[in-house]
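Everything on this sheet refers to the single structure shown next.
The values are calculated or read from the model by the stated rules, or taken from the named source; none is laboratory data. Bear in mind that the values here come from a model prediction, so they are computed numbers and not experimental data. Here Cβ is always computed from backbone atoms with ideal geometry, including for glycine, and neighbour counts include all displayed protein chains. With ligands, DNA and RNA removed, areas are computed over all heavy atoms of the protein, side chains included. Shrake-Rupley method; radii C 1.70, N 1.55, O 1.52, S 1.80 Å.
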Amino acid sequence: GRLAGDRPIPSGVVLDAAQIVSSYVESFHEGLEEAYVFPRVRQAEPQLVRILLIQHDRGRHLTAGIAAAAGAGPGTVAARAALRADLDAFVRMYEPHEAWEDTVIYPALRAATAQRTLDELAERFAELENKQFGDHALRQILDRVGGVEQQLGIGDLAAFTPAAD
């Protein structure tokens, strides 16, 4: 909404958010899904896995465009409108994407994979995370996300609660 109106966006916040998404969500998290999760559920959910892979690819393109636009600065009204369109498309795609993973893909993974293997995968994912991002990687990423939320004024969950009638 700020991109459509006159309220400024704090300098660098969209670029920082795009960098977090690119490095952690797309390069790391989605990479793990593509290498370890999707192959285990592809037989049970082939169409869904295909769609999710297409969405991962499209998300990477959207994030790259968002980062480029954000890095260029406020720009023209048209540039802000294009950035807003990319942000809207990203959110529109990833909200249901995440829900389908949570409600279909991960339950299918648990059904198709022995608990011991799931435990081994969890250990492997933690090792890879620490190797790529260092110790306490998730805490550092969450702190960065919290900083973005604070700069945008969306860091207070209670602010999203509708008023009682």
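Among the helices (runs of 4 or more DSSP H) confined to the range 1-103, the ones with at least 1 residues that are farther than 22 Å from GLY147 by Cα are located at 38-41, 46-71, 77-100. Within the range 118-148, being in contact (Cβ under 8 Å) with a residue 40 or more places away in the chain and either among the β-branched types (Val, Ile, Thr) or open to solvent by 60 Å² or more (accessible area, probe 1.4 Å) (or both) holds for ARG124, GLN132, ILE141, ARG144, VAL145, VAL148.
Here ASP16 passes the criteria (1) in contact with a helix residue (DSSP H, G or I) (Cβ under 7 Å, 6 or more places away or on another chain); (2) under 23 Å from ALA78 (Cα atoms); (3) among the charged types (D, E, K, R); (4) surrounded by fewer than 17 Cβ atoms within 10 Å (Cβ to Cβ) except the one numbered (4). Taking TYR24, is it aromatic (Phe, Trp, Tyr) and modelled with pLDDT under 95? Spelling it out, TYR24 is indeed aromatic (Phe, Trp, Tyr) and modelled with pLDDT under 95. Regarding LEU128, is this residue assigned to a helix (DSSP H, G or I), aliphatic (A, V, I, L, M) and touching a Lys or Arg at 6+ places or on another chain (Cβ under 7 Å)? No; evaluated as a whole, the condition is false for this residue. With respect to (1) closer than 18 Å to VAL14 by Cα; (2) surrounded by 13 or more Cβ atoms within 10 Å (Cβ to Cβ), the lone exception for ASP88 is condition (2).
Of everything in the range 104-117, what is in a helix (DSSP H, G or I) and either open to solvent by 50 Å² or more (accessible area, probe 1.4 Å) or not aliphatic (A, V, I, L, M) (or both)? Give them in sequence order. Residues satisfying the conditions are TYR106, PRO107, ARG110, ALA111, ALA112, GLN115, ARG116, THR117.
Filtered by the rule that a residue be under 15 Å from ARG92 (Cβ atoms) and either over 14 Å from the mean Cα position of the chain (by Cα) or open to solvent by 30 Å² or more (accessible area, probe 1.4 Å) (or both), the range 49-60 gives ILE51, ILE54, GLN55, ARG58. Within the range 61-85, the set of residues being open to solvent by 80 Å² or more (accessible area, probe 1.4 Å) and at pLDDT 95 or above comprises just one member, HIS61.
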